[in-house]
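In what follows, a single structure is set out as structure tokens and then discussed.
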Ligand code: ADE
Ligand code: ZN
């Protein structure tokens, strides 16, 4: 039985393949949105390899102890990523790569406008194949400007891809600019001001990266500015991190001038405390839940139980993928199918979660309406 222990890597990969194989499942064909995907977290081994070859450099991964001579080495390295919790548990570190090491080491292959275009188009093409109609990808500008990448190349590549996706793939999108919480708040403000030139592309502001000892309140000034300027606001509350309940409370009720943000990314630990569950429900806050991303550090059963608590409390939960290339290549459809399996949800329950995503999105009303109509048509067919 699937179970009260962490799933092994082999079990996760087998589950992914099994869920992905049943192409007639409603979750494959249903039109959907994706509200929590880091564009840098969609860099597959294949694309990393291609970008490295184009640049004429080695396809480094994580740190220099990891030997990557072939595309297959890279695929294996992606499969072997561990969580920082597993690292703390005393595994020998020289041959292992944590999620954040893997994720940030991919940034060095993104330099030119063409690189950013290729990254975004790779995602949009895959999204189209999964019947994603609208998405709000996150991007981490600080991870690029700090390496000398220009805003023009980064945003230009994203903009070109966004236009191609709309005209050729029937996918609308708006970007969410995330600040790295392990960098100084002043750097977030500097980037916020620089990004205003690209305002028409950006719908929201988020907060990501390593959450340990970096509470969201450190970023109050930039959130207050962004709210004043009309941006939507969200922040990561990663699962099981130190002080998570305090961080959740700030995101749900005190940030951005004392009312809290508009959405919460992850925040599964809301389910641990009845007062937090009631707070998020009463504020009518939406949450993006990415169950596959939790499998390396939380048990299958405990993830399922907490999702059920949130849904039963009437919280607008939507299901997303986070950084799918680094979480066993499990994309939004895999996350929906996993949720259905682990929570024992019916197709009808799942349609509600998919519609939650549309409601929680920051798309124009006509875009939302069109997707909801399409969902009803597929459901009735
Ligand atoms: N950046 C990319 N994925 C992330 C995650 N799961 N948490 C925080 N920052 C991230
Ligand atoms: Zn995330």
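Any read-out appearing in this document is the output of simple, stated calculations on the displayed coordinates, not a laboratory observation. Keep in mind that this is a model prediction, so the values were computed, not measured. Glycine gets a Cβ as well: all are built from the backbone with ideal geometry, and neighbour counts include every protein chain shown.
For the range 271-316 versus the range 204-242, the spacing of their alpha-carbon centroids is 19 Å.
Relative contact order for the chain: 21 percent, from Cα pairs under 8 Å spaced at least 6 residues apart, divided by residue count. Averaging 1/r over every pair of different alpha carbons in the range 254-332 and inverting the result gives a Kirkwood radius of 13.2 Å. Give me the base-10 log of I(q)/I(0) for the range 50-184 at each q in 0.22 Å⁻¹, Debye formula, one uniform scatterer per Cα, rounded to two decimals. Those come out to -1.32, one per q. Calculated mean residue ellipticity, 222 nm, the chain: -14000 deg cm²/dmol, from DSSP H runs (n ≥ 4) at -39500 (n - 2.57) each, averaged per residue and rounded to 500. The Rg/Rh ratio of the chain, with both radii computed over alpha carbons and Rh defined as the Kirkwood radius, is 0.93.
A protection proxy built from the mean count of other Cβ atoms within 10 Å ranks the segments 238-250, 340-352, most packed first, as 238-250, 340-352.
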